[in-house]
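Colleague: For reference, the structure I am asking about is given below.
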Amino acid sequence: MYYLEHRVDLHLDEVLSIVLSEYNDYGWGKFYEDGIVLDSNTIKEKLLWNDPTISGAFRDIAKLWKNNRDRPHTNLYYSIFRLWHIGFIDNDTKSLLYRGISLNLVLFAFSFVLAICLVRNLLLLASSNSNTMQVCILVFLMMAFLNPASITNTLFMRPYMLQECLFILFLWANSMLFCLLNNCNINPTSPKDLKPRIVRMSCFLIISTSLLLLSGYFTIAFVTIIFMVCGIYTALCIKRYIYIYIYNNLVFGFKCFNISKVFCRHYSR
């Protein structure tokens, strides 16, 4: 909040986020009419805002789904960003910053809680004691969130905070699944509800993987590495549950194939 209070202007990419999410033509190929004198407030409103209604937001999201006009990035962030600005039209710079960055603050809080759960799961798998766990959680949170990159991502109206949040969500879902598999492997007479929980968490892992892939094309490499490492570990140490990771990898491969088709078609235009 301290750094947010000291921001006085918008970066060009942040203006681009608003223009693209609102699916405005002004600022993206359409010029202002000749012979008409417009004041600065009207120019900003035409540039930034489109239709503040709920129906207008869903029309814009449908257009973003077909073509978000930003080839290096996917439409997930722009769609969420568009929903976040329903009913909002304000040309004041501070109001724009507060409204746009408030979405990042929500994602930051979600990431923070998920990061705590992620480290706890990893330490539980390593059978760490409670004192070590508390220290490790504190050190991890400081390294993960009290650094210039994380602070910059939080205060920048671009997809990076969403990607950071979905990275942690994906890793947390993996760690939860491994905790359940490990408990079931160590104790074959585990509670009957454990296996349904494994199935539910496998489904959630597929959803979190899909969201992560939708946040950026580059995440394919990261997810591939994680699934390869987890699949090898499962095959060596938890053999009877290898089919879960085989299924997840098949779903992942299918999604990568679809993404590659969309990506190639988009760039061939």
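Every number here is computed from the coordinates shown, using simple stated rules; none is lab data. Everything numeric in this text was worked out from a predicted model, so none of it was measured. Cβ sites come from the backbone with ideal geometry, for glycine too, and all protein chains shown count toward neighbours.
Colleague: With θ taken as phi - 60° and the coefficients 6.51, -1.76 and 1.60, list the Karplus ³J(HN,Hα) couplings across segment 142-150 in order, rounded to whole Hz; mark glycine and proline as x.
Modeller: 5, 5, 7, 10, 9, 9, x, 5, 5
Colleague: I need K66, K44 ordered by Cβ neighbour count within 10 Å, fewest first.
Modeller: Result, fewest neighbours first: K66, K44.
Colleague: What residues qualify as long-range amide H neighbours of Y26, i.e. H under 5 Å apart, gap of 5 or more or another chain, H built at 1.01 Å from N?
Modeller: Amide H neighbours of Y26: none.
Colleague: Can you give the Rg to Rh ratio for segment 2-93, taking only C-alpha atoms and Rh from Kirkwood?
Modeller: So for segment 2-93, dividing Rg by the Kirkwood Rh gives 0.98.
Colleague: Here's something else I'd like to know. Expressed in nm to one decimal, what extension gain is obtained for the pair L105 and I86 from 0.36 nm per residue of sequence separation less their Cα-Cα distance?
Modeller: Taking 0.36 nm per residue and subtracting the Cα distance, the gain is 5.1 nm.
Colleague: Note the full-extension length gain between V135 and L211 as 0.36 nm times their separation in residues minus their Cα-Cα distance, in nm to one decimal.
Modeller: 24.3 nm
Colleague: For segment 72-88, what does the Karplus curve 6.51 cos²θ - 1.76 cosθ + 1.60, with θ = phi - 60°, yield as ³J(HN,Hα) per residue in whole Hz, taken in order and with x for Gly and Pro?
Modeller: x, 10, 7, 8, 4, 5, 4, 5, 5, 4, 5, 5, 5, 9, 4, x, 10
Colleague: Amide H neighbours of D90 under 5 Å, at least 5 residues apart or on other chains, H built in the peptide plane: list them.
Modeller: Placed amide hydrogens put nothing under 5 Å from D90.
Colleague: Once a ≥ b ≥ c are taken as the square roots of the eigenvalues of the Cα gyration tensor of segment 19-171, is the result rounded (a/c under 1.5), prolate (a/b larger than b/c) or oblate (a/b not larger than b/c)?
Modeller: Cα axes put segment 19-171 in the prolate bin.
Colleague: Sorted from fewest to most neighbouring beta carbons within 10 Å, what does the list F204, F227 look like?
Modeller: F204, F227
Colleague: In what sequence, highest mean first, do 161-169, 205-213 appear when ranked by Cβ atoms within 10 angstrom?
Modeller: The densest-packed peptide leads the list: 161-169, 205-213.
Colleague: Along the Cα→Cβ direction, 7 angstrom out, place labels at I36 and M143. What is the inter-label distance in nm?
Modeller: Taking the two extended label points, one gets 5.7 nm.
Colleague: With a cap of 14 neighbouring Cβ atoms within 10 Å, and only residues DSSP puts in a loop, list the GluC sites (Glu not before Pro) found in segment 1-96.
Modeller: Of the GluC sites (Glu not before Pro), the ones in loops of segment 1-96 whose Cβ has at most 14 other Cβ atoms within 10 Å are E33.
Colleague: I need the phi-derived Karplus couplings for segment 215-224: 6.51 cos²θ - 1.76 cosθ + 1.60, θ = phi - 60°, integer Hz, Gly and Pro marked x.
Modeller: The phi angles translate into 7, x, 5, 5, 5, 4, 5, 5, 5, 4 Hz.
Colleague: Arrange H11, H73 by Cβ neighbour counts within 10 Å, fewest through most, would you?
Modeller: H11, H73
Colleague: Can you tell me the FRET efficiency between D25 and F204 if r is taken as the Cβ-Cβ distance and R0 is 30 Å, rounded to the nearest 0.05?
Modeller: Here the calculated transfer efficiency is 0.15.
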